[in-house]
Amino acid sequence: MPHVPKRAQPVDPPSRSARLDRGRRAGLILKTATDKARIHALVEFGEWLVLAAPSRGQAHTEWYQAGAAWLRPGHLWTAVTVPAHLIHAAVDRPSPQECAPLLARALDGGPLFYRPPGAGRGPAYTALLRVSEGRLWEEPGTRACSPRAMVLVPAPGVCAPAGDERPWWVVPGGKSRWCSSVPLAELVAAGRTAGGGLGG
């Protein structure tokens with residue numbers, strides 16, 4: 001008689017505390033965030049972000065295993081991608097690590113992540129905006145994601161490069177869920193005025 005494999009049983013998603021513990025072990029929680037309030041803010045930000053995933057369970061798995069997950073903007077937030085050379089020219093710094101504190105102040109803590117170059121694409125920054133502001137975004141040289149697009153988003157505490165093409169947070173979420181479009185547009189305009197000459 002042929003062997004019939006048993007049907008896989010559904011697995012309940014891990015509790016929030018379990019996800020936090022797994023995130024710590026995986027190095028996904030911001031290492032400088034030693035206070036509980038900051039850690040919980042990151043966890044809450046992640047829980048909110050993952051609402052945009054086609055499959056929340058799959059997104060959590062991708063975050064824990066790979067440090068980044070594919071999410072679909074358009075309902076809770078939208079994503080605006082800015083070429084790295086514009087941001088670097090705007091703040092007169094050549095790398096995302098050096099830009100980080102300046103961008104945190106300029107965007108008032110609004111979430112922003114960096115995507116290293118790869119697969120024929122140049123380096124870029126991605127900011128999360130309110131959907132209403134994203135619809136009005138028209139800055140030349142940048143791109144607002146369509147509602148049906150998929151965006152590779154780093155796990156909430158991935159705040160350093162992994163040495164490959166995976167994105168990482170330059171300004172992590174937690175303080176705010178969205179960037180304001182006004183200071184972001186000002187950064188883009190400043191980068192164009194400066195000539196965007198520092199490269200990516």
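Please treat every number below as a calculation from the coordinates, not as lab data. Treat the numbers as computed from the prediction; the structure is a model and nothing was measured. Backbone-built Cβ (ideal geometry, glycine too); neighbour counts: all protein chains shown.
Compute for region 92-200: radius of gyration divided by Kirkwood radius, i.e. Rg/Rh, restricted to C-alpha atoms, rounded to two decimals. All intermediate terms of the calculation are to be shown ahead of the outcome.
Working: Rg = 13.4 Å, Rh = 14.5 Å.
Ratio value, two decimals: 0.92.
Using the 10 angstrom Cβ neighbour count as an exposure proxy, how do Ser180, Ser55 rank, fewest first?
Ser55, Ser180
Using a/c under 1.5 as the rounded threshold, could you call region 79-132 rounded, prolate or oblate? The axes a ≥ b ≥ c are square roots of the C-alpha gyration tensor eigenvalues, and prolate needs a/b larger than b/c, oblate otherwise. Provide the component values of the computation, followed by the final result.
On the way: a/c = 2.06, a/b = 1.10, b/c = 1.88.
Oblate, since a/c reaches 1.5 and b/c is not below a/b.
For region 22-181, what does the alpha-carbon gyration tensor say about shape, rounded, prolate or oblate, given a ≥ b ≥ c as the root eigenvalues, a/c under 1.5 as rounded, and a/b over b/c as prolate?
rounded
Report the full-extension gain for the segment Lys175 to Arg105: residue separation times 0.36 nm, less the Cα-Cα distance, to one decimal in nm. Could the numbers behind the result be given before it?
Working: separation 70, 0.36 × 70 = 25.20 nm, distance 1.19 nm.
Length gained between Lys175 and Arg105: 24.0 nm.
Is region 36-106 rounded, prolate or oblate when judged by the Cα gyration tensor, a ≥ b ≥ c being the square roots of its eigenvalues, rounded requiring a/c under 1.5 and prolate requiring a/b larger than b/c?
prolate
Ranking Ser95, Ser132 by Cβ neighbours within 10 Å, fewest first, what do you get?
Sorted ascending by nearby Cβ count, the order is Ser132, Ser95.
Among 97-107, 135-145, how do they line up by average Cβ neighbours within 10 Å per residue, starting with the highest?
Answer by packing, highest mean first, reads 97-107, 135-145.
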